[in-house]
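Mind having a look at this structure? Questions to follow.
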Amino acid sequence: MPVSTRSRHLPDTTDGTAAPAEDAVEGSGTARRTPRARLAHWRAWRERHPRAARVVWWTATVLSVVLVIGALLLPNRLFALQVDQFVRLPGEAIVGAAVLLALPCRPRVAVAALTGVFLGALTVLNLLDMYFVEYLGRDFNLVLDWELLDDAQSYVADSMGRTTALAATVGLLLLVALLFTVMALATVRLAGLLARDIRAATRATLVSGTVWITCSVLGLEYAGLPVASDRVASNVASEARQVRDTLRDEAAFAEEARTDAFGATPPAQLVPALRGKDVIFTFIESYGRSAIEDPVIAPGVNRTLDVSTKALAEAGYHARSGWLTSSTFGGSSWLGHSTTLSGLWVDTQQRYRTVMASDHLSLTKAFRKTGAWDTVGVMPGVQKGWPEQEFYGLDKVYNAFQMGYQGPKFSWSTMPDQYALEAFQRLEHGKKRDKPLMAEIILTSSHQPWAPLPTMVGWDELGDGSVFGPIQKAGTKASEIISDGTKSREAYGRSVQYSVTALTQWLERYGSEDTVLVFLGDHQPIARVSGNDASRDVPVSVVAKDPKVLDRISGWKWTEGLRPAPDAPVWKMSAFRDRFLTAFGSVPRPSRD
């Protein structure tokens, strides 16, 4: 039977010597304290343990100050996380204090709580910027990039396992919720401290404002940074400009995509100089300029390129190589693919969707438009429906589940490049056909996190891919290198060596007098591997036996062999389509919808 209790009260004094000891409400066998009762209990404990109470008070206050000032001064670049960044005077804190001092009690608490939530959101955005700069070489876009977080979760699942990905996702959501809550409590606490002595707080705010203005006018700096900080105001203005520019870009780019220099070219006047040739466009994941020029990565990669150049020459092939500046960095490979093949600068998800929904002529679709080629795609990274097939003009596409592979995944990569190339040979290239073949192939073994990595096996031993089981088990785990820059660079270099070796050996083994291979990287590897100041350049090579093919691109001034010289020409990736079509005899006939 519930026991009814009567509230007991002590005198409520301003010095906290006495307060309501306990208010109880009837419950199912237990009494629950009301907020007033909890406050009374805290005051009673504070009187019994004054020293401990002072420690708790100062700890909570200092943590609140650290959280708020830290959020106001937090940079959005991982490499900028230095103590110097936080030894500054944030102007927003001074303005915020002035506003809070001018408000009555309840509005002050509400505004303080909302300010804390805002600072929590700002902190999350700064952390997202750090992640995006590290992995994609650009800031997080508030309008376009939320859907990429799902891709990030899928990447973690493929690389580290679904359980790890789920735990990480739940953990991050809880951390974000905790951050918002703690930040709101911190700002409310600081607002309460200001209100305890309005006169003193007002004087301190005026003095701080005067100091901030003086430092700003005089341009005073500490460790190369201005003492007077307005970082939050600058970030908010920058985000607003980015949102505005993103919305404007949608209409402008849609108009650009409707104009096509080759859109009205008759089929007979598209790539006539390649008639009868098997033309293969191959993207090597993350194959960037760093692979050829970074002092840790380059020795092994360049040795592989030189050996492959020599082996191809002995087989009768010759190559020319240059540089393209990719529209993306560190990831979002589809942006690089679509930029290369559309001739448009596709550097955002919004632009990608616009292009995929357009009738713009992709380089690969140009071959299908002629009616003179069968067109296929080999996409081991595709594990679901792929409506982009139509834009790329591919009669048939083989995804991760359609090549007969029964071996293990290698982190994100669903199968080794060597197997994907052998499957292409078995399913398409090796078959007798009435028309030559145009293929788009995406090689994924050099995709981060570069562990575990496959190794070359005998081409006759590939079978259904089960031969890679022991290799995968013996390989390095992704968790062992994913946070180590040096190990990541070394593993990345080995992955590029593997991909280049697999591709060039396939060409030696299965190519013919009429095979033309174009291969390139889609983007540079992430900043942890390529560096914070790395370019966006990627190597591109054209390989053929027929000297007439390379004669067609002699005007490009590319380097002989598979390794482009440091001073070889650099084009924007979007320039490749038109230059390629023109070099091989296509006649420009602009179209405009």
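The values are calculated or read from the model by the stated rules, or taken from the named source; none is laboratory data. Just so it is clear, the structure is predicted and the values come from calculations on it, not from any experiment. When we count neighbours, we look across all protein chains shown, and the Cβ atoms used for this are built from the backbone with ideal geometry, even at glycine. With ligands, DNA and RNA removed, areas are computed over all heavy atoms of the protein, side chains included. Shrake-Rupley method; radii C 1.70, N 1.55, O 1.52, S 1.80 Å.
Identify all residues within the range 256-283 that are open to solvent by 30 Å² or more (accessible area, probe 1.4 Å) and on the phi > 0 side of the Ramachandran plot; write none if there are none.
276
If you don't mind, another one. Name the residue, out of 117, 133, that is of a type outside the set (S, T, N, Q), crowded, with 20+ Cβ neighbours inside 10 Å and either part of a helix (DSSP H, G or I) or at pLDDT 85 or above (or both). Steps first, answer last, please.
On the way: 117 fails: crowded, with 20+ Cβ neighbours inside 10 Å.
Sole residue among the options that is of a type outside the set (S, T, N, Q), crowded, with 20+ Cβ neighbours inside 10 Å and either part of a helix (DSSP H, G or I) or at pLDDT 85 or above (or both): 133.
Six or more apart or on different chains, Cβ atoms under 6 Å: show the pairs whose first residue is in the range 532-561 and touching a residue at least 12 places away in the same chain (Cβ under 8 Å) and over 30 Å from residue 138 (Cβ atoms) and whose second is open to solvent by less than 10 Å² (accessible area, probe 1.4 Å) and part of a loop (DSSP other than H, G, I, E, B).
Qualifying pairs under 6 Å: 543/317; 545/317; 552/584.
Just a yes or no: is a residue in the range 402-417 under 23 Å from the mean Cα position of the chain (by Cα) and open to solvent by 30 Å² or more (accessible area, probe 1.4 Å)?
Checked the range 402-417: at least one residue is under 23 Å from the mean Cα position of the chain (by Cα) and open to solvent by 30 Å² or more (accessible area, probe 1.4 Å).
Within the range 437-478, how many residues are among the aliphatic types (A, V, I, L, M) and in contact with a Leu (Cβ under 8 Å, 6 or more places away or on another chain)?
Result for the range 437-478: 2.
Consider residue 282 against the criteria (1) out of contact with any Phe, Trp or Tyr (no Cβ under 9 Å at 6 or more places or on another chain); (2) of a type in the set (Val, Ile, Thr); (3) touching a residue at least 12 places away in the same chain (Cβ under 8 Å): it satisfies all of them except one. Which criterion is unmet?
For residue 282, the exception is condition (1).
While we're here: Do you know which of the residues in the range 136-152 that are in a helix (DSSP H, G or I) and buried (at least 16 other Cβ atoms within 10 Å of the Cβ) is nearest to the chain's Cα centre (by Cα)? Can you show your working first?
The first filter runs over the range 136-152 and keeps only residues in a helix (DSSP H, G or I), leaving 136, 145-152.
Narrowing further to those that are buried (at least 16 other Cβ atoms within 10 Å of the Cβ): 136, 145, 148, 152.
Numbers: 136: 4, 145: 9, 148: 8, 152: 8 Å.
Among those residues, the one meeting the criterion is 136.
Tally the residues that are in contact (Cβ under 8 Å) with a residue 40 or more places away in the chain, more than 18 Å from residue 140 (Cβ to Cβ) and either open to solvent by less than 10 Å² (accessible area, probe 1.4 Å) or within 23 Å of the chain's Cα centre (by Cα) (or both), restricting the search to the range 347-359.
Counting residues in the range 347-359 that are in contact (Cβ under 8 Å) with a residue 40 or more places away in the chain, more than 18 Å from residue 140 (Cβ to Cβ) and either open to solvent by less than 10 Å² (accessible area, probe 1.4 Å) or within 23 Å of the chain's Cα centre (by Cα) (or both) gives 2.
Follow-up. Does residue 326 satisfy the criteria of being at pLDDT 95 or above and farther than 26 Å from residue 393 by Cα?
Working: at pLDDT 95 or above: yes; farther than 26 Å from residue 393 by Cα: no.
No: the conditions fail for residue 326.
Continuing with the same structure: Considering only the range 547-566, how many residues are more than 29 Å from the chain's Cα centre (by Cα), open to solvent by 80 Å² or more (accessible area, probe 1.4 Å) and farther than 29 Å from residue 360 by Cβ?
4
Check 362, 286, 327 and return the single one that is at positive phi, surrounded by 23 or more Cβ atoms within 10 Å (Cβ to Cβ) and in contact with a helix residue (DSSP H, G or I) (Cβ under 9 Å, 6 or more places away or on another chain).
Testing whether each residue is at positive phi, surrounded by 23 or more Cβ atoms within 10 Å (Cβ to Cβ) and in contact with a helix residue (DSSP H, G or I) (Cβ under 9 Å, 6 or more places away or on another chain) leaves just 286.
Specify the residue that is most open to solvent (accessible area, probe 1.4 Å); the eligible residues are those in the range 450-499 that are of a type outside the set (A, V, I, L, M) and touching a strand residue (DSSP E or B) at 6+ places or on another chain (Cβ under 7 Å). Don't jump to the end; show me each part of the working.
Within the range 450-499, the first condition is being of a type outside the set (A, V, I, L, M), and the residues that meet it are 450, 452, 454-455, 458-461, 463-466, 468-470, 472-473, 475-477, 479-480, 483-490, 492-495, 497-499.
Add one more test, that the residue is touching a strand residue (DSSP E or B) at 6+ places or on another chain (Cβ under 7 Å), and what stays is 452, 454, 472, 499.
Working: 452: 18, 454: 9, 472: 54, 499: 0 Å².
By that ranking, first place goes to 472.
Each row is one residue, and each column tells you yes or no for (1) assigned to a helix (DSSP H, G or I); (2) modelled with pLDDT of 85 or more; (3) open to solvent by less than 60 Å² (accessible area, probe 1.4 Å); (4) closer than 30 Å to residue 356 by Cα.
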| site | (1), (2), (3), (4) |
| --- | --- |
| 155 | yes, no, yes, yes |
| 172 | yes, no, no, no |
| 181 | yes, yes, no, no |
| 188 | yes, yes, yes, no |
| 191 | yes, yes, yes, no |
| 203 | yes, yes, no, no |
| 211 | yes, yes, no, no |
| 244 | yes, no, no, yes |
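Could you check, for the range 299-312, whether at least one of its residues is in a helix (DSSP H, G or I), over 26 Å from residue 447 (Cβ atoms) and either modelled with pLDDT of 95 or more or open to solvent by 60 Å² or more (accessible area, probe 1.4 Å) (or both)? Break it down stepwise before answering.
In the first step, residues of the range 299-312 are kept if they are in a helix (DSSP H, G or I); the result is 299-312.
Subset that is over 26 Å from residue 447 (Cβ atoms): 310.
Filter again for either modelled with pLDDT of 95 or more or open to solvent by 60 Å² or more (accessible area, probe 1.4 Å) (or both), leaving 310.
Within the range 299-312, one or more residues are in a helix (DSSP H, G or I), over 26 Å from residue 447 (Cβ atoms) and either modelled with pLDDT of 95 or more or open to solvent by 60 Å² or more (accessible area, probe 1.4 Å) (or both).
Moving on to the next point. Criterion first (at negative phi and modelled with pLDDT under 95) does residue 340 satisfy it?
Values: at negative phi: yes; modelled with pLDDT under 95: no.
Judged against the criteria, residue 340 is not a match.
Given the conditions (1) open to solvent by 30 Å² or more (accessible area, probe 1.4 Å); (2) out of contact with any strand residue (DSSP E or B) (no Cβ under 6 Å at 6 or more places or on another chain); (3) farther than 17 Å from residue 393 by Cα, and given that residue 253 satisfies all but one, which numbered condition is not satisfied?
For residue 253, the exception is condition (1).
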